[in-house]
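There's a structure below that I have some questions on.
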Amino acid sequence: MGEMAIVIETVIKAITVLAVVAGMAAFATYIERKVLAFMQRRLGPMHVGPHGILQLAADGIKLFTKEDIVPQNSIKPIFKIAPVIAPASAFTAMAAVPFFPEFTLFGYTVHPIIADINVGILFVMGVASVGMYAPLLAGMSSVNKWALLGAARTVIQLLSFEVVTGLSILAPLMMIGSLSLIDINDYQMGGVGSWLAWKQPLAFVLFMIAGFAETNRTPFDLIEVESEVVSGYATDYSGMRWGLFFVGEYANMITVSFLVSIIFLGGYNPIWFIPGGLAILLKISFFIFLFLWVRAAWPHVRPDQLMWLCWKVLMPLALLNILLTGIVLI
Amino acid sequence: MKASSKIVPQKISKADSMPKHFEASFANRFSKDENNQYIIAQQYIIEAITCLQIEDNFSILLDITAIDYLTCKHECPSRFALVYILRDTSFLQTVRIKTYLHDAKLEIQSISSLFAIANWAEREVWDQYGICFTNHPNLKRMLNHKEFIGHPLRKDYPITQGQFCTKTDDLMDEMIPKLENKGFTSHEDLMFLNLGPAHPASHGTIRTFCALEGETIISAVAEIGYLHRGFEKSCENHTYNQIIPYTDRLNYCSAILNNIAFAHTVEGMLGVSVPQRAQFIRVLIGELSRIIDHLVCLAANLVDMGALTNYWYLFNPREAVYDLLSKLTGARLTNSYMRIGGMAHDLYDGFNEDLQECIKQIQNGVADTLSLIEHNRIFHDRTQDVGVIKAEKALNLGLSGPNLRASGIAYDIRKTAPYYNYESFDFDIAIGSVGDVYDRMMVRFEEIRQSIRIINQAMKQIPQGPILVADNAISLPDKKDVYGNIEGLMNQFKLIYEGVKVPAMEYYNAIEGANGELGFYIISDGSGTPYKVKVRPPCFPAMAAYADIIEGGMIADAVLTLGSLNIVAGELDR
């Protein structure tokens with residue numbers, strides 16, 4: 001196999017991932033609206049297509065054709081570039097995520113991962129956290145007080161919860177001894193009983209909670225909560241620039257769902273009679289549903305309560321978990 | 001009807017109170033006029049009100065208003081008079097102190113040091129009548145724009161004279177002294193932020209100007225008047241029945257209760273009480289309005305907290321009530337159902353079934369919402385000990401209704417001065433203990449339950465009978481008389497063109513509105529048009545207190561506090 005073949009294969013994979021995940025992100029907005037509507041005793045989108053299924057196409061057309069408004073006093077280059085950072089970092093992070101078990105297509109073995117680097121999880125988390133710059137720069141370049149407040153909230157929230165994410169994942173990594181997501185997946189090959197969630201329940205819960213904060217979901221959706229900071233960093237954005245933030249957010253949600261499934265819930269290993277590919281799809285569907293379910297059920301916290309939760313509750317617990325894991329391993 | 005034996009004839013409440021200490025120490029300095037108002041010379045006003053407040057326990061200032069006697073038919077000592085309406089802490093007595101102002105110099109001492117609410121009330125009087133209050137901390141316009149010239153409620157201000165005002169008030173004249181009081185001489189580290197008038201959580205057009213340190217509110221100033229449309233001036237140019245549609249627009253979340261409050265006050269002036277069946281219908285529809293008002297307040301408050309699902313759980317039953325109201329009154333929001341002396345028409349056939357369906361939906365909605373939030377830690381953390389108003393302070397601020405009851409004071413006009421047979425219904429007053437957002441919300445949840453109890457009892461006891469006072473000078477004649485004989489036609493014509501003639505008097509009466517004491521102070525000169533109408537909107541004192549309450553909290557707390565006080569811009573700005 002020549003180098004050219006690898007390049008072509010990677011390009012095809014990258015385009016596939018981009019297309020599929022972007023499609024999933026768009027579809028997730030439809031699912032979100034329908035699931036929330038169901039829980040809130042209303043219908044949700046109903047008018048465009050059967051059961052409103054074409055609503056997302058209509059939304060897409062609307063976003064693309066809307067006037068692109070750039071406020072006069074904003075810092076224009078940054079204002080324009082900021083929305084691109086969000087989806088860019090979210091999609092780049094997916095390069096190291098193994099989505100499915102490897103399979104054979106026309107006699108050619110496909111590894112459904114763009115780049116199997118041996119520090120996969122570090123890469124995913126590192127690149128995903130670059131996404132923080134999108135709301136931060138957007139908020140600061142808008143020259144709008146609400147956007148500024150939103151940006152400030154972004155920094156405190158995402159930065160703080162990076163710590164929890166990192167620390168909570170450290171304990172499982174100590175057990176596995178590898179940073180490659182494929183290795184983490186293979187570690188849990190022995191069926192449901194070998195899932196890391198059973199061995200590291202605390203890490204699992206902490207990672208989940210941090211995931212809600214990192215993806216800006218209720219009860220930690222403080223960055224752009226309407227009733228307090230109007231629309232946060234996105235106050236001055238409209239049209240597709242605003243849409244890009246949205247795509248990034250949903251892509252992040254999908255990434256986090258993949259990560260939780262791979263690290264804690266046995267990844268794409270087959271369960272009983274369910275093949276691995278389907279198993280992981282079911283898992284991430286469950287987590288996306290969980291995100292929506294929580295949104296429908298709970299109010300959100302106040303920024304200072306969020307900080308209290310992060311630094312006084314979750315971080316000590318994560319450290320304790322590492323300590324305990326260390327003692328057990330020795 | 002068996003149940004009607006329990007019903008005590010309704011008293012038309014008169015201010016027959018006796019503040020003993022006041023009467024003793026001011027023995028030869030006051031006189032009482034035919035409206036039971038104490039007339040006091042201008043120079044004694046501070047002394048008199050202090051005496052009432054401290055020795056006679058009249059520690060609630062309901063309202064301050066002025067009267068312009070320019071076009072009055074009878075002789076008056078001077079053109080302007082001021083009226084102070086006070087209530088004692090047993091909530092049974094109301095006194096009105098009236099003082100005539102010297103024409104040469106329209107000035108009187110401010111009582112804002114005695115009552116917190118006097119600050120805003122006096123500003124409103126200055127704004128509307130141009131009466132100056134000396135020693136007032138910040139005498140500026142309240143409802144009208146700062147560029148406005150003249151004083152619109154003066155009788156010589158033409159109702160048609162509009163003014164075009166554009167300049168925004170930066171409110172720094174209020175903000176800087178406040179900040180200096182707190183020790184902030186430099187403002188460089190603070191961020192100034194306008195919460196409203198177009199903020200998503202301001203629920204209407206209310207502006208709060210905040211000085212922020214991070215997200216903590218160091219100091220706040222509130223500005224109202226964005227929805228001011230001159231309700232009181234309009235009233236002076238319409239007949240009593242024509243005013244009823246205007247009252248719909250006061251607290252538009254419970255339009256019926258405003259209808260009732262106004263009609264009830266005018267009926268008190270006429271010295272009539274509406275027939276039993278009409279009273280029961282007013283109780284039924286009024287309590288239903290109270291429920292939907294509380295539903296709006298709670299749903300909006302929960303949405304501000306991010307608990308979006310509850311919005312539909314609470315608004316769907318409200319929708320059902322609106323369907324019922326539209327079937328009954330012909331309109332969903334602005335019902336205009338009441339008339340002076342009764343109401344537009346009787347209940348329709350099958351009303352009870354619709355009502356029971358509504359009640360079932362309300363109960364389900366409330367139960368569903370409570371199951372989501374009652375034991376939710378996030379909800380508790382967000383609402384408990386947030387926006388606290390202590391009982392003593394709440395009284396001094398002039399709060400009433402659920403906001404006051406949440407602070408632990410069991411004051412409900414339906415209990416202290418029952419009207420429409422409220423004394424015969426079995427219901428409880430819900431009170432809180434701390435006076436925070438949580439208490440205010442939970443008091444409203446409980447009041448919904450109590451209102452359902454009242455509705456169920458009223459529906460069982462409702463008698464048959466007329467729904468209008470049988471008096472040709474008040475109620476419109478039957479249509480068959482209007483078309484059938486000349487007396488009926490003349491009767492209709494006179495009532496429509498001249499209005500219900502109300503005897504000349506100055507009268508205050510209040511009912512328990514959805515968010516507190518909804519009072520009307522009406523002056524009649526004997527014609528079919530009121531000489532003056534002053535509303536005492538229950539959320540005016542709450543809004544006056546709001547800016548101080550939110551200081552020290554965060555933006556997120558301020559939003560919840562505003563929602564829980566249930567400020568309705570329609571009645572606040574009039």
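Name the one entry in A:VAL256, A:VAL225, A:VAL229 that is among the aliphatic types (A, V, I, L, M) and more than 14 Å from every other protein chain (Cβ to nearest Cβ).
Of the residues listed, the single one that is among the aliphatic types (A, V, I, L, M) and more than 14 Å from every other protein chain (Cβ to nearest Cβ) is A:VAL256.
Looking at (1) in contact (Cβ under 8 Å) with a residue 60 or more places away in the chain; (2) closer than 18 Å to B:ALA544 by Cβ, which is the one condition that is false for B:TYR240?
That leaves (2) as the condition not met.
Give me the pairs: first residue in region A:126-154 and more than 13 Å from chain B (Cβ to nearest Cβ) and crowded, with 20+ Cβ neighbours inside 10 Å, second residue part of a loop (DSSP other than H, G, I, E, B) and not hydrophobic (A, V, I, L, M, F, W, C), beta-carbon distance under 6 Å, and six or more apart or on different chains, which are they?
Once the first residue is more than 13 Å from chain B (Cβ to nearest Cβ) and crowded, with 20+ Cβ neighbours inside 10 Å and sits in region A:126-154, its partners that are part of a loop (DSSP other than H, G, I, E, B) and not hydrophobic (A, V, I, L, M, F, W, C) give A:SER141/A:SER74; A:SER142/A:SER74; A:SER142/A:ASP236.
If I ask for residues that are over 20 Å from A:ALA151 (Cβ atoms), part of a loop (DSSP other than H, G, I, E, B) and small (Gly, Ala, Ser), which ones from region B:188-245 would you list?
Result: B:GLY196, B:ALA198, B:SER202, B:GLY204, B:GLY225, B:GLY230.
Going through A:THR109, A:THR154 one at a time, which residue ends up being in a helix (DSSP H, G or I) and among the hydroxyl-bearing types (Ser, Thr, Tyr)?
A:THR154
With respect to A:MET94, determine if the residue is surrounded by 13 or more Cβ atoms within 10 Å (Cβ to Cβ), over 30 Å from A:VAL130 (Cα atoms) and not acidic (Asp, Glu).
Working: surrounded by 13 or more Cβ atoms within 10 Å (Cβ to Cβ): yes; over 30 Å from A:VAL130 (Cα atoms): no; not acidic (Asp, Glu): yes.
So A:MET94 does not fit the description; no.
Would you pick out the residues in region B:192-216 that are within 12 Å of chain A (Cβ to nearest Cβ), under 28 Å from the mean Cα position of the chain (by Cα) and among the aliphatic types (A, V, I, L, M)?
Result: B:LEU195, B:ALA198, B:ALA201.
Turning to a different aspect of this structure: Can you tell me which residue among A:PRO299, A:PRO316, A:PRO275, A:PRO270 is at negative phi and within 14 Å of chain B (Cβ to nearest Cβ)?
Residue meeting the stated conditions: A:PRO299.
Does B:ASN144 count as among the polar types (S, T, N, Q) and at pLDDT 85 or above?
Spelling it out, B:ASN144 is indeed among the polar types (S, T, N, Q) and at pLDDT 85 or above.
Can I ask one more? All but one of (1) in a strand (DSSP E or B); (2) within 14 Å of another protein chain (Cβ to nearest Cβ); (3) touching a Ser or Thr at 6+ places or on another chain (Cβ under 9 Å) hold for B:PHE133, so report the exception by its number.
Only one criterion is unmet by B:PHE133, namely (2).
Yes or no: region A:36-54 includes at least one residue that is part of a helix (DSSP H, G or I), under 17 Å from the mean Cα position of the chain (by Cα), surrounded by 14 or more Cβ atoms within 10 Å (Cβ to Cβ) and within 14 Å of another protein chain (Cβ to nearest Cβ).
no
Across region B:540-556, what is the number of residues that are touching a strand residue (DSSP E or B) at 6+ places or on another chain (Cβ under 8 Å) and either within 14 Å of another protein chain (Cβ to nearest Cβ) or of a type in the set (D, E, K, R) (or both)?
7
Which condition number does B:SER219 fail, the rest of (1) buried (at least 18 other Cβ atoms within 10 Å of the Cβ); (2) within 10 Å of chain A (Cβ to nearest Cβ); (3) farther than 12 Å from B:LEU572 by Cβ; (4) touching a residue at least 24 places away in the same chain (Cβ under 8 Å) being met?
With respect to (1) buried (at least 18 other Cβ atoms within 10 Å of the Cβ); (2) within 10 Å of chain A (Cβ to nearest Cβ); (3) farther than 12 Å from B:LEU572 by Cβ; (4) touching a residue at least 24 places away in the same chain (Cβ under 8 Å), B:SER219 is out only on (2).
Based on this model, can you work out whether A:GLU102 counts as of a type in the set (Asp, Glu) and touching a His at 6+ places or on another chain (Cβ under 7 Å)?
Taking the combined requirement at face value, the residue satisfies it.
Provide a single number: the residues in region A:4-35 that are within 14 Å of another protein chain (Cβ to nearest Cβ) and either touching a strand residue (DSSP E or B) at 6+ places or on another chain (Cβ under 8 Å) or β-branched (Val, Ile, Thr) (or both).
The first filter runs over region A:4-35 and keeps only residues within 14 Å of another protein chain (Cβ to nearest Cβ), leaving A:32-33, A:35.
From what's left, either touching a strand residue (DSSP E or B) at 6+ places or on another chain (Cβ under 8 Å) or β-branched (Val, Ile, Thr) (or both): A:35.
Total meeting the criteria: 1.
Now for a separate question. So, restricting to helices (runs of 4 or more DSSP H) that lie completely within region B:417-507, which ones have at least 2 residues that are within 25 Å of the chain's Cα centre (by Cα)?
Qualifying helices (runs of 4 or more DSSP H): B:437-461.
Would you pick out the residues in region A:309-330 that are among the hydrophobic types (A, V, I, L, M, F, W, C), over 22 Å from the mean Cα position of the chain (by Cα) and surrounded by 14 or more Cβ atoms within 10 Å (Cβ to Cβ)?
Hits for region A:309-330 are A:LEU317, A:LEU319, A:ILE322.
Could you tell me whether B:ALA255 is farther than 22 Å from B:ALA544 by Cα, more than 14 Å from every other protein chain (Cβ to nearest Cβ) and not acidic (Asp, Glu)?
Working: farther than 22 Å from B:ALA544 by Cα: yes; more than 14 Å from every other protein chain (Cβ to nearest Cβ): yes; not acidic (Asp, Glu): yes.
So B:ALA255 fits the description; yes.
For region B:267-325, what are the residues that are closer than 27 Å to B:TYR240 by Cα and either of a type in the set (D, E, K, R) or within 13 Å of chain A (Cβ to nearest Cβ) (or both)?
B:GLU267, B:ARG277, B:ARG282, B:GLU287, B:ARG290, B:ASP293
The values are calculated or read from the model by the stated rules, or taken from the named source; none is laboratory data. These numbers were taken from a predicted model, which means no experiment stands behind them. Glycine gets a Cβ as well: all are built from the backbone with ideal geometry, and neighbour counts include every protein chain shown.
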